Amino acid sequence: MSKVRVCFLGTPEFAVTSLRALIEDEHFEIVGVVTQPDRPSGRKMQLTPSPVKVLAEARGLRVISPESLRKDPSQLEEIKKWGAEVAVVVAFGQILTQAFLDLFPFGAVNVHGSILPRWRGAAPIQRGIEAGDKESGVTLQRVVKKLDAGDIIGTRRVPLDDEITAVELHDQLAVLGADLLQVELMDFVRGNLAPHPQDESQVTHAAKIDKAESEIQWRLPAVEIHNKVRALTMGPGTFTTFAGKKIKIHKTRVLEESGANPDPGKITSVTQEFISVQTGGGILNLLELQPESRTRMKVAEFLKGHPLKIGDRFGV
């Protein structure tokens, strides 16, 4: 049986796992890779290739990095020459036109980081954790013009506990998505499975994360703050203030889930392991923090330079 000729589109680390899986699978041939242009990165803001580009070039694959496929028709002509049968899209980061989708006999498929139709959009991993979801997973879907609205080819599910962070879930789903892609893509192309439409009545949307969400609102319940801290570990993180200075909050645990408090942000206990803080509902323990211009640290180390006491208040 001949190999399936694949055009791969992806950019971040999440996509690298899928690209590597297809490269190493004898059933597929990657005829070309499309990724985002090099972007400034790091302290010195040096132009840096995407993780997908790094892998593709290391494996000797043909790579293009257009600013916009939608605005540059010449790129579509180049991709057409590759003769791909199907496009695989994993966290690419650009809108794809119908003209692009029409280049491939079997269209395009996408690995999405949620169980669709829940969490369509830019930040499915983060929004799922923020909402306190007990289950997550990946979906392989057909790509259509409407964002994340294509027929479902297959899914893989994973249970979530109350402590998992977005960074940890991201890594799990990257592996799960690559496995799903390897198992289902060949059957899809060969016509051995029938994609099914999404249930539009169950759609939720995963809006892009905004930096304005980073500051902890102590008037919210402890569970909601805990979920926000876990959700934003992929960036931009969460912070509070004390004595006019920012303190990043990296790890928390809910001590009490209920009970309204008159003084949200007030410290109720200080030990070498945790700092307990009143919230709008329950008590939240802070376990790992990061002062301005310092690295992440546990509470015992933090207290050496910040001798907090019961009655002190965060967020002022």
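Each reported figure results from applying straightforward, stated rules to the coordinates on display, with no laboratory input. Nothing here was measured: the structure is a model prediction, and the numbers come from that model. Using ideal geometry, Cβ is built from the backbone for each residue, glycine included, and neighbour counts are taken over all protein chains shown.
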**Message:** I need the shape label for segment 142-194. Rule: rounded when a/c is under 1.5, else prolate if a/b > b/c, else oblate, with a, b, c from the alpha carbon gyration tensor.
**Reply:** prolate
**Message:** Sort Glu256, Glu215 by Cβ crowding within 10 Å, fewest neighbours at the top.
**Reply:** Glu215, Glu256
**Fill in**
Bridge orientation stat for the chain from DSSP, antiparallel percent rounded to 5, came to 65 percent
**Request:** Would you mind checking the tilt of helix 13-23 against the longest principal axis of the Cα atoms of the chain, expressed as 0 to 90 degrees and rounded to 10?
**Result:** 30 degrees
**Pairs of alpha carbons in segment 1-91 whose separation is greater than 20 Å (percent)** = 34 percent
**Item:** On Cα atoms only, tilt of 222-231 relative to the major axis of the chain in degrees
**Value:** 40 degrees
**Prompt:** In whole Å, what is the distance between the alpha-carbon centres of segment 266-312 and segment 112-152?
**Reply:** 35 Å
**Message:** Which of Trp218, Trp82, Trp119 has the fewest other C-beta atoms within 10 Å, and how do the rest follow up to the most?
**Reply:** Trp82, Trp218, Trp119
**Request:** Pairs to check: Lys53/Lys246; Lys208/Lys304; Lys71/Lys208; Lys53/Lys251. Give those whose C-alpha atoms are more than 31 Å from each other in this structure.
**Result:** Lys53/Lys246; Lys208/Lys304; Lys53/Lys251
**Asked** So, in Å, what gap is there between the alpha-carbon centers of segment 64-89 and segment 1-60?
**Response** 14 Å
**Request:** Enter the angle in degrees (range 0 to 90, nearest 10) between the Cα long axis of helix 166-189 and the first principal axis of the Cα atoms of the chain, meaning the one along which they spread out most.
**Result:** 20 degrees
**Complete:** By the Cα gyration tensor axes a ≥ b ≥ c (a/c under 1.5 gives rounded; else a/b larger than b/c gives prolate, otherwise oblate), the shape of segment 48-181 is prolate
**Fill in**
From DSSP H assignment alone, runs of 4+ in the chain each adding -39500 (n - 2.57), the sum over residues rounded to the nearest 500 puts [θ] at 222 nm at -7500 deg cm²/dmol
**Request:** May I ask you to sort Ile249, Ile152, Ile95 by Cβ crowding, counting other Cβ atoms within 10 Å and putting the fewest first?
**Result:** Ile95, Ile152, Ile249
**Prompt:** Going by the alpha-carbon gyration tensor, a ≥ b ≥ c the square roots of its eigenvalues, is segment 211-305 rounded (a/c under 1.5) or, if a/c is not under 1.5, prolate (a/b greater than b/c) versus oblate?
**Reply:** oblate
**Message:** Sequence gap at least 6, Cα distance under 8 Å: using those rules, report the relative contact order of segment 211-305 to the nearest whole percent.
**Reply:** 27 percent
**Request:** With P(r) over Cα pairs in 10 Å bins from 0, in percent defined as stated, name the option among (i) 6, 24, 28, 20, 14, 7, 1, 0; (ii) 6, 29, 38, 23, 4, 0; (iii) 6, 27, 36, 22, 8, 1, 0 computed from the structure displayed.
**Result:** (i)
